[in-house]
Amino acid sequence: HDVHLELIKRMSSPTPPKSNTGVGRTLVNFAIGGVSGMMSTCIIQPIDIVKVRLQIRGEAGHANLSPFDVARELRIEGGFKAFYKGLDSALVRQATYTTTRFGIYLNVSQYMQNNLKEGQKNLSFAQKCYASLLAGAGGAFVGNPADLALIRMQSDGTLPKEQRRHYKNV
């Protein structure tokens, strides 16, 4: 019973306990980012592929920029699977970019939280911005190749048939 009370007390505390550090916690922070990013990608992928197709159509000067028409064409072109074309590259992107970004942010902010000045309870806006900038830069550096693969795979179907590369996977 006392263990449950202590757990509830720790979970409701605005500041994490100082002992919440170490290699295990560091790895968990990275895993949280990767798993959450990959799960959200599986859900949002159909919308993302329609968005990419609309962007390419807009650049090409197409008059019809209806997302419903693009979705219908995708369904006719390849069925349900067409909405998930490029999913493997999207998952690789999340496994690199989001894992790195969340991991860096959570670990840097945890480090700063554990080393606050006397009397300071929470990170300042500037400290949160600093952690975010580091995380975004690191994530972008690591995830950029996978992002390029994602866009190439999603846009391949918009090319004329003789110019398509027919990507099979990342």
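Which residues does a label at residue 155 reach in the stretch 72-99, if reach means a backbone N under 17 Å from a point 7 Å past the Cα toward the Cβ?
The answer is 85-87, 89-90.
With a 1.4 Å probe and every protein chain left in place, tell me how much accessible area residue 89 has, in Å² to the nearest 10.
0 Å²
Just want the answer: with Cβ charges of +1 for Lys and Arg and -1 for Asp and Glu, which residue in 68, 31, 55 is farthest toward the dipole's positive end in the stretch 23-81?
31
Determine ³J(HN,Hα), in whole Hz, for all residues of the stretch 102-109 in sequence, where each value follows from phi through the Karplus function 6.51 cos²θ - 1.76 cosθ + 1.60 and θ = phi - 60°; x replaces Gly and Pro.
Working through the residues one at a time gives 5, x, 5, 4, 5, 6, 5, 5 Hz.
Express in whole angstrom the spacing between the alpha-carbon centres of the stretch 40-61 and the stretch 122-170.
The distance from the Cα centre of the stretch 40-61 to that of the stretch 122-170 comes to 14 Å.
Rounded to the nearest 500, what is the chain's calculated 222 nm mean residue ellipticity when only DSSP H runs of at least 4 contribute -39500 (n - 2.57) each, over all residues?
About -23000 deg cm²/dmol.
Which whole-number percent gives the relative contact order of the chain, counting Cα pairs below 8 Å spaced six or more residues apart?
29 percent
Using +1 at the C-beta of Lys and Arg and -1 at the C-beta of Asp and Glu, which of 125, 112, 143 has the Cα lying farthest in the positive direction of the dipole of the stretch 83-144?
Ranked along the dipole, the leading option is 125.
In the stretch 95-170, which trypsin sites (Lys or Arg not before Pro) are in a loop and have at most 10 other Cβ atoms within 10 Å, using DSSP for the loop call?
Within the stretch 95-170, the qualifying trypsin sites (Lys or Arg not before Pro) (loop, at most 10 other Cβ atoms within 10 Å) are 117, 121, 165, 168.
Got a number for the accessible area of residue 170? Probe 1.4 Å, square angstrom, nearest 10.
Roughly 90 Å² of residue 170 is accessible to a 1.4 Å probe.
Hey, rough spin-label estimate for residue 31 and residue 48, points 7 angstrom out along Cα→Cβ, what's it come to in nanometres?
For residue 31 paired with residue 48, the spin-label model returns 2.3 nm.
At what distance in nm do the modelled label points of residue 168 and residue 134 sit from each other, each positioned 7 Å from its Cα along Cα→Cβ?
Taking the simple label geometry, residue 168 and residue 134 are separated by 4.3 nm.
Using a 1.4 Å probe, how large is the accessible area of residue 96, given in Å² and rounded to the nearest 10?
The accessible area of residue 96 comes to roughly 40 Å².
Enumerate lysine pairs in the chain that are 8 or more residues apart or on different chains, then count those whose Cα atoms are under 14 Å apart.
5
Please express the Cα-Cα pair-distance distribution P(r) of the chain as a list of whole percents, one per 5 Å bin, running from 0 to the bin with the greatest distance.
Per 5 Å bin, starting at 0, the Cα pair percentages come out as 1, 8, 13, 15, 14, 11, 10, 8, 7, 6, 4, 2, 1, 0.
How far is helix 23-60 tilted off the main Cα axis of the chain, in degrees rounded to 10, range 0 to 90?
So the inclination is approximately 30 degrees.
Given the Cα-Cα distance of residue 39 and residue 66 and 0.36 nm per residue of separation, how much length would full extension add, in nm?
Stretched out fully, the residue 39 to residue 66 stretch lengthens by 7.0 nm.
What span do the alpha-carbon atoms of the stretch 52-144 cover on each of the three principal axes, reported in whole Å from largest to smallest?
For the stretch 52-144, the Cα spread along each principal axis is 63, 26, 21 Å.
In debye, nearest 20, what is the charge dipole magnitude of the chain about its Cα centre with +1 on Lys and Arg Cβ and -1 on Asp and Glu Cβ, if you could check?
About 60 debye.
The values are calculated or read from the model by the stated rules, or taken from the named source; none is laboratory data. If you're wondering where the values come from, they're calculated on a predicted model, not measured in any experiment. Note that each Cβ is placed from the backbone with ideal geometry, even for glycine, and that neighbours are counted across all protein chains shown. Only protein heavy atoms, including side chains, enter the accessible area calculation; ligands, DNA and RNA are left aside. Shrake-Rupley method; radii C 1.70, N 1.55, O 1.52, S 1.80 Å.
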